[in-house]
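Right, one structure below, let's go through it.
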Amino acid sequence: MKIGDTWRRVVRANAKTVSVQTGYSWTDRAPWHSVTDHQPAADIPTEAAGRPASR
């Protein structure tokens, strides 16, 4: 999932929010309206998950 300018790997999802990896030992939650793009995890390079997207 792309949330703002950052690609993140999804851990969990429900009707209102999505939980994503942070690169630390915890996850972050984001409301669905903040998701700006999505694609399969296999298409996101490991080093890009959790870092701002390049412009």
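Between residue 30 and residue 16, what length in nm is gained on full extension when 0.36 nm per residue of separation is reduced by their alpha carbon distance? Write down the numbers at each step before the final one.
Details: separation 14, 0.36 × 14 = 5.04 nm, distance 0.86 nm.
Full extension of this stretch gives 4.2 nm more.
Using the per-residue mean of other Cβ atoms lying within 10 Å as a proxy for protection, in what order, highest first, do the peptides 17-29, 1-13 fall?
1-13, 17-29
Any read-out appearing in this document is the output of simple, stated calculations on the displayed coordinates, not a laboratory observation. A quick note: this is a predicted structure, and the numbers were derived from the prediction, not measured. Because the Cβ atoms are built from the backbone with ideal geometry, glycine has one as well, and the counts that use them run over all protein chains shown.
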